[in-house]
Amino acid sequence: MTESTVAVLSLLVLGWAIVSGPLARHNITGPLVFMIAGYLLGNPDWGPLSVDVEAPSIHVVAELALALVLFSDAARVNIQDLRRDVSLPVRLLAIGLPLSVIFGGLLAGGLLDEFPWALAGFLGAALAPTDAALSVQVINDERIPIRPRRALNVESGLNDGIATPIVTVMLAVAASQLGVVSEGESVEAGGALRELGAGIVVGLVLGYGGALLMTWAARHTWIATGGRRLATLGVAISAFAVTLAIDGNGFIAAFVAGIAFGARLDDDVAEIERVGELPELGGELLGLVVWFLFGATLIPVALEHLDAPIVAYALASLTIVRMLPVALCMARSGLDRPSVLFIAWFGPRGLASVVFALLAIEELGETSPLANQAVAAVALTVLLSVVLHGITAGPGGRRYVQRERSDSEGALRGRPSVLSDSVPGS
């Protein structure tokens with residue numbers, strides 16, 4: 001990125017922060033604003049800013065943003081609260097997510113001609129994770145019952161980390177199937193599994209060890225004011241960077257480190273909501289940058305390769321591929337139909353899918369027509385999700401609340417009173 005691009009991004013962040021409240025009340029989200037700004041200002045055909053999708057700096061920013069989001073989301077999962085109602089998140093993650101990956105892969109193989117199975121599997125895995133940032137308005141709406149809100153929040157916090165190894169393996173295999181690597185190198189596609197193992201080990205060591213060390217230092221009053229926040233940020237970045245340095249999977253390391261850190265950190269020493277502010281804010285800031293880069297680099301790719309099969313796949317990914325697995329995994333969960341529909345719809349595709357698309361460009365290059373089609377399908381799905389889920393968050397949440405209230409009032413009106421039941425002949 002050039003100095004001009006960084007300057008414009010800085011001003012956009014300042015402007016968005018100042019007017020984010022009024023815009024949010026009109027269902028205008030940060031990702032939508034930065035996506036449009038990127039498309040208008042960084043478009044390769046007319047934009048005044050120069051943004052190269054293959055530039056190393058773009059990939060570093062995008063990957064670090066996802067790493068911080070993975071760490072923050074995983075660390076914030078409250079195990080105590082989750083134990084009170086673990087059934088819904090487990091259903092979504094253990095049944096709904098795999099079904100979404102499978103359905104998405106099968107649909108890609110059927111709609112998009114000549115797609116090798118690994119590239120179709122990449123599409124299914126890349127578009128399975130959901131992004132809470134795009135539906136934060138409904139997740140934070142306290143009028144909505146806590147069970148569906150908690151289920152959506154936990155699902156979006158963990159599903160991108162679970163999908164990451166599938167994306168990594170699919171890309172490694174797809175590279176050999178598309179001839180991006182030689183046959184001798186294709187045997188090393190199994191190296192993706194070794195990278196995952198390295199990420200898990202480093203994440204566990206740094207996440208658990210960092211929380212243990214921080215707890216010990218805090219109890220001995222070694223940490224100065226603000227030091228706990230810096231230490232948490234250091235754990236997140238270290239897990240990602242150290243794993244990359246040893247040729248491991250940095251995303252898995254950040255995700256595992258977040259889980260281990262949040263589980264081990266003692267509440268009497270520091271609350272995760274406070275010490276996790278810097279990784280969360282860093283991920284949010286870099287996330288806005290990634291949305292700008294998405295508008296500048298990936299939306300033009302989507303429009304360039306736009307055709308009927310890709311449009312059909314994007315629409316199906318946001319509807320059937322998401323909603324059918326949710327409906328299946330929520331069978332006999334105790335939720336009514338409006339609640340299941342609410343959870344099924346508010347599963348927007350966001351930052352993780354964008355970063356996975358950039359990884360596909362990095363691994364597969366821009367010379368393969370099939371790889372370009374896959375990237376275009378991801379980009380179009382995310383584009384539609386940002387728009388559709390953004391504008392329906394407010395109205396959808398209000399409609400769901402009204403429906404639940406009317407159902408509750410109807411149930412109360414239909415319930416016989418204790419007095420009438422107790423009076424003979426009543």
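Laboratory data are not the source of any read-out in this text; all were calculated from the coordinates shown. For clarity, every value in this text was computed on a predicted model and none was experimentally measured. Note: ideal-geometry Cβ built from the backbone for every residue, glycine included; neighbour counts use all protein chains shown.
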Defining a contact as two alpha carbons under 8 Å apart and six or more residues distant in sequence, what relative contact order in percent does the stretch 27-400 show? 31 percent
What stretch of the chain, leaving out the sites themselves, is the longest with no chymotrypsin sites (Phe, Trp or Tyr not before Pro) in a DSSP loop having at most 13 other Cβ atoms within 10 Å? 223-426
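Averaging sequence separations of C-alpha pairs under 8 Å and six or more residues apart, then dividing by the length of the stretch 65-165, give the relative contact order as a whole percent. Please list the in-between numbers first.
Numbers: 92 pairs, mean separation 34.5, N = 101.
This gives 34 percent for the stretch 65-165.
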Can you list the DSSP H helices in the chain whose Cα atoms extend at least 27 Å along the helix axis and whose mean Kyte-Doolittle hydropathy is 0.0 or higher? 3-25, 56-76, 146-177, 191-219, 369-414
Percentage of Cα-Cα pair distances in the stretch 1-131 greater than 24 Å, rounded to whole percent? 56 percent
For the chain, what does -39500 (n - 2.57) per DSSP helix run (n ≥ 4), summed and divided by total residues, give at 222 nm, in deg cm²/dmol to the nearest 500? -24000 deg cm²/dmol
Each label sits 7 Å from Cα toward the beta-carbon; between Ile102 and Ser406 the label points are separated, in nm, by 3.7 nm
Choice from Leu335, Leu88, Leu66 showing the highest fluctuation, given a GNM over the chain with Cα pairs closer than 10 Å: Leu335
Contact order normalised by residue count of the stretch 215-329, Cα under 8 Å, 6+ apart, percent: 26 percent
FRET efficiency for Glu304 and Arg398, using Cβ-Cβ distance with R0 set to 45 Å, rounded to 0.05: 0.75
Option label - Rg and Dmax of the Cα atoms in Å computed here, alternatives [x] 29.0, 107; [y] 22.7, 88; [z] 21.9, 68: [y]
Going by average Cβ density within 10 Å per residue, which order do the peptides 227-237, 389-399 take, highest to lowest? 227-237, 389-399
When the chain is treated as a Gaussian network with springs between alpha carbons less than 10 Å apart, the largest mean-square fluctuation among Leu213, Leu127, Leu384 is found at Leu213
Positive end of the dipole of the chain, charges at C-beta (+1 Lys, Arg; -1 Asp, Glu), about the Cα centre: which of Phe255, Gly390, Gly121 has its Cα farthest in that direction? Gly390
So if each residue of separation counts as 0.36 nm, and I subtract the Cα-Cα distance between Asp267 and Val311, what length gain in nm does that give? 11.1 nm
Which residue, Arg403, Arg349, Arg149, has the most motion in a Gaussian network model of the chain that connects Cα atoms within less than 10 Å? Arg403
Subtracting the Cα-Cα distance of Ala94 and Trp222 from 0.36 nm times their residue separation yields 41.9 nm
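State to the nearest 20 debye the size of the charge dipole of the stretch 114-185 about its Cα centre, where the only charges are +1 on K and R beta carbons and -1 on D and E beta carbons.
On the way: 4 positive and 8 negative charges, 93 e Å.
The calculated dipole for the stretch 114-185 is roughly 440 debye.
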